Amino acid sequence: QVQLVESGGGLVQPGGSLRLSCAASGNIFSINDMGWYRQAPGKEREWVATITRDDSTNYATSAKGRFTISRDAAKKTVYLQMDSLKPEDTAVYYCNAAIQTTMLNAGMRYWGKGTLVTVSS
């Protein structure tokens, strides 16, 4: 019964900014990492950024310098601040998390349903 729910997508002009949020809920023992993926029309889903429980971050080359991932552990929420947006950033953005529901399992991947970001003038 773990769920990830994204929010914050929308229409923005090139050069603009958006902040995406993803909140995890349900039977959660531990969240090992949270991240963002995106899928543009006609393309494969690609990884964008990840943040671990110790706040270590990693970014795809396309996101470095423009996007910032962060989290609020108490709220079980991950954010993606997106600046200097380009038309090629247009995609459905998906939240992803590695979550343990009990102390004994190694964790598994969960996905949100996605939020659409459209960058266009």
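The values are calculated or read from the model by the stated rules, or taken from the named source; none is laboratory data. Fair warning: this is a prediction, and the values are worked out from it, not measured in the lab. Because the Cβ atoms are built from the backbone with ideal geometry, glycine has one as well, and the counts that use them run over all protein chains shown. When the accessible area is computed, the model is the full protein with side chains, heavy atoms only, and any ligands, DNA or RNA have been set aside. Shrake-Rupley method; radii C 1.70, N 1.55, O 1.52, S 1.80 Å.
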| field | Positions within segment 22-69 being within 17 Å of residue 119 (Cβ to Cβ) and of a type in the set (Asp, Glu), in sequence order | value | 46
| remark: residue 104 passes all but one of the listed conditions (1) touching a Leu at 6+ places or on another chain (Cβ under 6 Å); (2) at pLDDT below 95; the exception is number (1)
| Restricting segment 80-110 to residues that are under 11 Å from the mean Cα position of the chain (by Cα) and open to solvent by 30 Å² or more (accessible area, probe 1.4 Å), the residue that is farthest from residue 39 (Cα to Cα) | 81
| request: Return the only residue of 113, 75 being modelled with pLDDT of 95 or more, exposed (fewer than 13 other Cβ atoms within 10 Å of the Cβ) and within 14 Å of residue 36 (Cβ to Cβ). | output: 113
| In segment 51-69, the residues that are part of a strand (DSSP E or B) and open to solvent by less than 30 Å² (accessible area, probe 1.4 Å) | 51, 67, 69
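Quick test for you: out of 78, 92, pick the one residue that is closer than 22 Å to residue 27 by Cα and not small (Gly, Ala, Ser).
78
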| remark: Condition set part of a strand (DSSP E or B) and open to solvent by 60 Å² or more (accessible area, probe 1.4 Å), scope segment 8-24, selection nearest to residue 66 (Cα to Cα): answer is 19
| query | Quick one: would you say residue 71 is within 23 Å of residue 103 (Cβ to Cβ) and of a type in the set (D, E, K, R)? | reply | yes
